[in-house]
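Trainee: Just passing along the structure, written as structure tokens.
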Amino acid sequence: MSGLPRAALAATSSAMHRFANPTVALRLADRLMPWSAFLCAGLFMVGLYYALIASPIDYQQRDTVRIMYVHVPAAWMALGVYAMMATASAVGLVWRHPLADLSAKAAAPIGAGFTLICLVTGALWGQPTWGTWWVWDARLTSVLILFFLYLGYMALWQAYDDPGRAARAAAILALVGVVNLPVIKFSVDWWNTLHQPASVFTLQGPKIDPSMLKPLMLMAGAYLAFFVTVLIYRLKAEILARRASVLRRARAES
Amino acid sequence: MTRKRRRLYVLIAALASLGVASALVLVAFQDNLVFFYSPSDLQTKSLPADQRIRIGGLVEAESVMREGLTTRFRVTDTAHSIAVSYTGLLPDLFREGQGVVANGKLGPGGVFIADEILAKHDENYMPPEVADAIKRTGQWKPEGSR
């Protein structure tokens, strides 16, 4: 390895180790939390105003298009949170940083919530548009599998008494589930599905009118800020719970 | 090699082989993963008669005929088309040029007897004024021609 990449690697590694210190992480979390909470509230107010009131109806879905502003960001976050959870799990497996395991653990229920919102709003949109609540096509089925992966991950954490073993088992499940992410994203291109192909992230550019793209992006920002806020909150709770259990064990042994 | 580095390599190797394995499985089950067949698929694949299948495509222009609750129309993928007969209520989006998926059986005379019609929605979203403006300039592309 030449000098430059090695130096860059050492720098990221040292930064990673600094933030892997729970005390530093807690301090950073405390400083970030009010900002992300404020941003979340603001973006939701503006985003929902545009999504529900100040945006045009669609030429064939009419007002049903407004479900899209809740559904699509939830789907993005369902995938994004899983990618983040899997990355943290990989870091936890390789470098054995408990903070990485705890970040993945803290993210899982939020990601499961996003996936559930995606499935439910999708059904509510499918009934008036397609004429059915649910079909077993590749897109819908792979998202349902994503939901079960989240649930299985959360269940595995509860299945062990030793947090180290629980973290390892859960991390392996999270990493195995990563194969589902490209399947979800490209299912609509690889196979015939009832679900339509991507509208925003396509090689030809967005196929959504700018007047509808704006509320969608505002809502996506709101979802992201919501995730950061709740993740910080849950991560703090996880760190404190871990400390409390260490203290309890120390007292029991003395 | 440090233990961390070894763990990293094992993880990368495991993920790579898992990826290859799942890709092979998905390719092998290709036929079972499609939600519907296109009219061209019906020409090339020999599907057993009397089997329930779904076919999908566009409702061919000027092919829709209604007799009471029964609707007859043709589903096309621009290369081939097939006649469909359906009795029941149609989804709101059903119209000529619209993507649909029909669930049913291939009946006598090559007519597909559907007992369920689902409307397919495409990936385009726009306000009615924009749609009208595009139609006025003659840039309107029906679904399926993309």
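Trainee: Using 7 Å Cα-to-Cβ label points, what is the residue B:62/residue B:111 separation (nm, one decimal)?
Mentor: 2.2
Trainee: With r as the distance between the Cβ atoms of residue B:12 and residue B:134 and R0 = 41 Å, compute the FRET efficiency 1/(1 + (r/R0)^6) and round to 0.05. Each step should come with its number before you reach the end.
Mentor: Numbers: r = 48 Å, r/R0 = 1.17.
E(calc), rounded to 0.05, equals 0.30.
Trainee: Exposed loop sites here are chymotrypsin sites (Phe, Trp or Tyr not before Pro) in DSSP loop states with at most 10 other C-beta atoms within 10 Å. What is the longest stretch of chain A lacking them?
Mentor: On the way: sites that count: A:136, A:201.
Result for the longest clean stretch: A:1-135.
Trainee: Same structure, new question: Using unit Cβ charges (K, R positive; D, E negative) and no other charged atoms, how large, in debye to the nearest 20, is the dipole of chain B about its Cα centre? Before the final figure, lay out the partial values.
Mentor: Numbers: 18 positive and 16 negative charges, 248 e Å.
Charge dipole, chain B, about its Cα centre: 1200 debye, nearest 20.
Trainee: For segment B:56-109, compute Rg over Rh where Rg is the Cα radius of gyration and Rh is the Kirkwood radius from the inverse mean 1/r over Cα pairs. It would help to have the intermediate numbers written out before the result.
Mentor: On the way: Rg = 10.5 Å, Rh = 11.4 Å.
Radius of gyration over Kirkwood radius for segment B:56-109 works out to 0.92.
Trainee: Using only Cα atoms, figure out Rg for segment B:35-137 and give it as a multiple of 2.2 N^0.38 Å. Mind dumping the intermediate values first?
Mentor: Values: Rg = 14.7 Å, N = 103, 2.2 N^0.38 = 12.8 Å.
That ratio works out to 1.15.
Trainee: Next question, about the same structure. Considering the dipole of segment B:1-99 built from charges on the beta carbon (Lys and Arg +1, Asp and Glu -1) around the Cα centre, which of B:97, B:14, B:58 is farthest to its positive end?
Mentor: Value: B:14.
Trainee: In whole angstrom, note down how far apart the Cα centers of segment A:177-193 and segment A:111-149 are.
Mentor: 14
Trainee: A follow-up question, please. Provide the per residue accessible area, probe 1.4 Å, for the protein assembly as shown, rounded to a whole number of square angstrom. Mind dumping the intermediate values first?
Mentor: On the way: 21320 Å² over 400 residues.
Heavy-atom SASA per residue in the protein assembly as shown reads 53 Å².
Trainee: If you take the accessible area of A alone plus B alone and subtract the pair, what total do you get in square angstrom, rounded to 100, with a 1.4 Å probe?
Mentor: Interface area, both chains combined: 3500 Å², rounded to the nearest 100.
Trainee: Further question: Rg and Dmax of segment A:72-177 over Cα atoms: what are they, in angstrom?
Mentor: Values for segment A:72-177 (Cα only, Rg and Dmax): 15.2, 50 Å.
Trainee: Just to verify a number: what accessible area does residue B:54 come out at with the full protein assembly present, 1.4 Å probe, Å² rounded to tens?
Mentor: Ignoring ligands and nucleic acids, residue B:54 comes out at about 80 Å².
Trainee: In angstroms, what radius of gyration and Dmax does chain A have, counting Cα atoms only?
Mentor: Looking at chain A, its Cα Rg and Dmax stand at 20.6, 72 Å.
The values are calculated or read from the model by the stated rules, or taken from the named source; none is laboratory data. Treat the numbers as computed from the prediction; the structure is a model and nothing was measured. Counting neighbours? That spans all protein chains shown, and the Cβs are built from the backbone with ideal geometry, glycine included. Protein only, heavy atoms only, side chains kept; ligands, DNA and RNA dropped before computing areas. Shrake-Rupley method; radii C 1.70, N 1.55, O 1.52, S 1.80 Å.
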